[in-house]
Every structure is written in structure tokens, then in C-alpha cells.
Amino acid sequence: IERSDENELLRVFNYCDLSALEPQKSALFTYGLEGLPQSNYPYPVGSRPAWPVSVVCEIMTNASLHLLHRAAEVTAISMGYKLDGPCFSTPDEGPGNIPGDGPGRGSWGYQSCTETLHTFSSIGRNGGGVRNYDF
């Protein structure tokens, strides 16, 4: 994803604009994958299939598809949009290759910053944060 052309990513992933590629081109892909285990139910929920983690694993190991197209299918499943539907608008907070929802103004952003192991909130590695975690 990181080595791909921005215009190709917009087209293949059906993103509305370049903001979906910030701060890293892979941000939404990573964010979507990280949230899947939290909704790995044996029945469909919204647009997600039953057992979405298994579905995503099957897609990612399907060598008959180009890797970028596999990543796009997985992102669409995890973020709840269709690749052949309206373009996907970037969420206001969350993506950024940070575990949890990352820093944000809402309650999930606060919880993410206080309850997960972010480098920026840790004293280890000169994070200057409040916890003494060394990654």
C-alpha cells in the first residue's frame, strides 16, 4: 500500500479523496483490521459477514487476486462500505496506524490514549508520557 500511487489507491479502494491516505497510505487498512476481532460474531452485523476475521483471512490468502485488491476488499469489509458503491469518506478520528482509535476528541480517543500502549503516551523510548512501558 505504501509504495502504491495515490491515484491508484483512490480508485482501487474507492476513497473519496486523498485524506484517506493520511497520515500513512495504509492507515485505513490497518485501522479496519485492528477493529475486526471486536466484531467477529457468528452472524452478519450490518454490512459485515458472519465471522469477518475468517472471511478476511480467506481474502488475504487468495493468491489469485492482486495484493492491493485483496487489501481493498478487506478494508471495505472492515470499514463497512462497498467497493462498487459510493466513495468512502475518511472518518473524522481513528485511523493513523495507532492501536485503539488513537488520539481523538471523543470518548474513544480518550480511552485509547489512557488504556492502550501507545508509544507517545509512554515514558519508555523518551515518550514523555505517564506510563513506564518499554516497547
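Any idea how far apart ARG11 and CYS87 come out in nm if each label point goes 7 Å out from Cα toward Cβ?
Placing both labels 7 Å beyond Cα along the Cβ direction yields 1.4 nm.
Using only Cα atoms, locate the centre of the stretch 72-88 and the centre of the stretch 32-64, then give the distance between them in Å, rounded to an integer.
13
Within the stretch 1-15, what residues put their amide N at less than 17 Å from the label point 7 Å along the Cα-to-Cβ vector of GLN24?
1-6
In terms of modelled amide H atoms, which long-range or inter-chain residues lie less than 5 Å from the amide H of PHE88?
TYR15, CYS16
Near the amide H of LEU83, under 5 Å away, which other amide H atoms are found, from residues 5 or more places off or on another chain, if H is placed in the peptide plane?
Amide H neighbours of LEU83, under 5 Å, 5+ apart: none.
Can you list the HN-Hα couplings for the stretch 59-68, worked out from phi with the Karplus curve (6.51, -1.76, 1.60; θ = phi - 60°), rounded to whole Hz and with x for Gly and Pro?
5, 5, 9, 7, 5, 6, 9, 4, 3, 5
Taking θ as phi - 60°, what are the ³J(HN,Hα) couplings along the stretch 34-50 by the Karplus curve (6.51, -1.76, 1.60), each to the nearest whole Hz, with x for Gly and Pro?
5, x, 4, x, 6, 10, 8, 8, x, 9, x, 10, x, 8, 7, x, 4
Rule-based calculations on the coordinates, nothing more; no lab input. Only a predicted model underlies this, so the values are computations on that prediction, with no experimental measurement involved. Because the Cβ atoms are built from the backbone with ideal geometry, glycine has one as well, and the counts that use them run over all protein chains shown.
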